[in-house]
Amino acid sequence: MNLSHYIELKAIPQADMMQAEVISHLMQQIHRRLPTYAGRIGTAFPGYSQQRTLGGIIRLFGSRADIQQLHDALQTLADYALIDAPAAVPSTHRHAVFARWQPKGQSDRRRAESRLKAQGLSDSEICQRLYNKQLKQTDLRIPFVQMYSSSTGQHFPLWITCRSKSQMQTGLFNSYGLSHTTTVPAF
């Protein structure tokens, strides 16, 4: 995987949209274009966790040819973002993993409750354990973008975590440019 070049999209303040809404709109448009790159484009958020948001910049990484093609395709977003020209990744940088985080749903809660009942625990013990489990899984500090699924017609939060890595790890990215293992340059 060649992540030698990048482009930045810097959210332009809008009179009727907050910065987080602009970033959500940009991510929705990027998400529509990324499947054509078959996992070769990675996404990073240099302002990650500023005021519990993803910040106002989206950075996209890939090969020189892919980034140039994506840069040209994203010009339709010029009303919402300043789109920098493709540039080479600096030779010295750190590595980070930006990944999707999905909290467990109600079906997981029902399965856990059934397992606890089978262990013979009282209702109050079951409630306490389920409550403790939910507290561990729900971290309201994790930044997210609001997305729209064209297949289900529903809006949903796309929570994104960031972890620093000491070494580069290659692989493919999903249709949001995220991965649980593949790193992107962090600078």
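The values are calculated or read from the model by the stated rules, or taken from the named source; none is laboratory data. Just so you know, these numbers come straight off a predicted model, no measurement behind them. Backbone-built Cβ (ideal geometry, glycine too); neighbour counts: all protein chains shown.
Table: residues versus (1) at pLDDT 95 or above; (2) within 24 Å of V22 (Cβ to Cβ).
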| site | (1), (2) |
| --- | --- |
| A73 | yes, yes |
| D84 | yes, yes |
| A88 | yes, no |
| H93 | no, no |
| P103 | no, no |
| R115 | no, no |
| N132 | no, no |
| L135 | no, no |
| T182 | yes, no |
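Could you tell me whether region 89-99 includes any residue that is surrounded by 12 or more Cβ atoms within 10 Å (Cβ to Cβ) and over 16 Å from P46 (Cα atoms)? Steps first, please.
Residues of region 89-99 that are surrounded by 12 or more Cβ atoms within 10 Å (Cβ to Cβ), as a first pass: 89, 93-99.
Applying the additional criterion that residues be over 16 Å from P46 (Cα atoms) yields none.
Scanning region 89-99 turns up no residue that is surrounded by 12 or more Cβ atoms within 10 Å (Cβ to Cβ) and over 16 Å from P46 (Cα atoms).
If you take the residues of region 13-27 that are crowded, with 17+ Cβ neighbours inside 10 Å and not small (G, A, S), which of them is modelled with the lowest pLDDT? Walk me through it before giving the result.
If we filter region 13-27 for residues that are crowded, with 17+ Cβ neighbours inside 10 Å, which is where we start, we get 19-20, 22-27.
Pick out the ones that are also not small (G, A, S) and you get 19, 22-23, 25-27.
Numbers: Q19: 92, V22: 96, I23: 96, H25: 96, L26: 97, M27: 97.
So, considering only residues that are crowded, with 17+ Cβ neighbours inside 10 Å and not small (G, A, S), the one modelled with the lowest pLDDT is Q19.
Could you name every one of the helices (runs of 4 or more DSSP H) located completely within region 46-155 that has at least 1 residues being under 30 Å from H5 (Cβ atoms)? Steps first, please.
Details: elements: 64-73, 106-118, 123-137.
In region 46-155, the matching helices (runs of 4 or more DSSP H) lie at 64-73.
Please verify whether region 135-149 includes one or more residues that are of a type in the set (S, T, N, Q) and surrounded by 12 or more Cβ atoms within 10 Å (Cβ to Cβ).
Filtering region 135-149 for residues of a type in the set (S, T, N, Q) gives 137-138, 146, 149.
From what is left, the residues that are surrounded by 12 or more Cβ atoms within 10 Å (Cβ to Cβ) are 137, 146.
Yes, the conditions are met somewhere in region 135-149.
Scan (1) farther than 21 Å from S164 by Cβ; (2) among the small types (G, A, S); (3) touching a residue at least 60 places away in the same chain (Cβ under 8 Å) for the single condition A65 breaks and write down its number.
A65 satisfies every listed condition except (3).
Can you find even one residue in region 153-168 that is surrounded by 14 or more Cβ atoms within 10 Å (Cβ to Cβ), touching a residue at least 40 places away in the same chain (Cβ under 8 Å) and polar (S, T, N, Q)?
Quick first cut of region 153-168, residues surrounded by 14 or more Cβ atoms within 10 Å (Cβ to Cβ) only: 157-162, 165, 168.
Narrowing the set further to residues that are touching a residue at least 40 places away in the same chain (Cβ under 8 Å) leaves 158-162, 165, 168.
With the extra rule that they be polar (S, T, N, Q), the set shrinks to 161.
Yes, because at least one residue in region 153-168 is surrounded by 14 or more Cβ atoms within 10 Å (Cβ to Cβ), touching a residue at least 40 places away in the same chain (Cβ under 8 Å) and polar (S, T, N, Q).
Has region 17-33 got any residue that is under 14 Å from P185 (Cα atoms) and either of a type in the set (S, T, N, Q) or free of Cβ contacts under 8 Å to residues at least 60 places away in the same chain (or both)? Step through it out loud before you land on a result.
We begin by selecting, within region 17-33, every residue under 14 Å from P185 (Cα atoms); these are none.
No: region 17-33 contains no residue that is under 14 Å from P185 (Cα atoms) and either of a type in the set (S, T, N, Q) or free of Cβ contacts under 8 Å to residues at least 60 places away in the same chain (or both).
Kindly indicate whether any position in region 51-67 is basic (K, R), modelled with pLDDT under 95 and surrounded by fewer than 11 Cβ atoms within 10 Å (Cβ to Cβ).
no
Among A44, A20, A73, which is the only one that is more than 17 Å from the chain's Cα centre (by Cα) and among the hydrophobic types (A, V, I, L, M, F, W, C)? Step through it out loud before you land on a result.
On the way: A44 fails: more than 17 Å from the chain's Cα centre (by Cα); A20 fails: more than 17 Å from the chain's Cα centre (by Cα).
Answer to the check: A73.
Here is a list of conditions, (1) touching a residue at least 12 places away in the same chain (Cβ under 8 Å); (2) polar (S, T, N, Q); (3) assigned to a helix (DSSP H, G or I), and T43 meets all of them except one; can you say which number that is?
Of the numbered conditions (1) touching a residue at least 12 places away in the same chain (Cβ under 8 Å); (2) polar (S, T, N, Q); (3) assigned to a helix (DSSP H, G or I), the odd one out for T43 is (3).
Go through region 156-187 residue by residue and tally those that are out of contact with any strand residue (DSSP E or B) (no Cβ under 9 Å at 6 or more places or on another chain) and either of a type in the set (D, E, K, R) or assigned to a strand (DSSP E or B) (or both).
Of the residues in region 156-187, 0 are out of contact with any strand residue (DSSP E or B) (no Cβ under 9 Å at 6 or more places or on another chain) and either of a type in the set (D, E, K, R) or assigned to a strand (DSSP E or B) (or both).
Is it fair to say I12 is of a type in the set (A, V, I, L, M) and within 15 Å of the chain's Cα centre (by Cα)?
Working: of a type in the set (A, V, I, L, M): yes; within 15 Å of the chain's Cα centre (by Cα): no.
No, not satisfied.
So, in region 14-40, how many residues would count as being farther than 23 Å from S151 by Cα and not in a loop (DSSP other than H, G, I, E, B)? Can you show your working first?
Restricting attention to region 14-40, the residues satisfying the condition of being farther than 23 Å from S151 by Cα are 14-20, 40.
Imposing the further condition that a residue be not in a loop (DSSP other than H, G, I, E, B) reduces the set to 14, 17, 19-20.
Total satisfying the criteria: 4.
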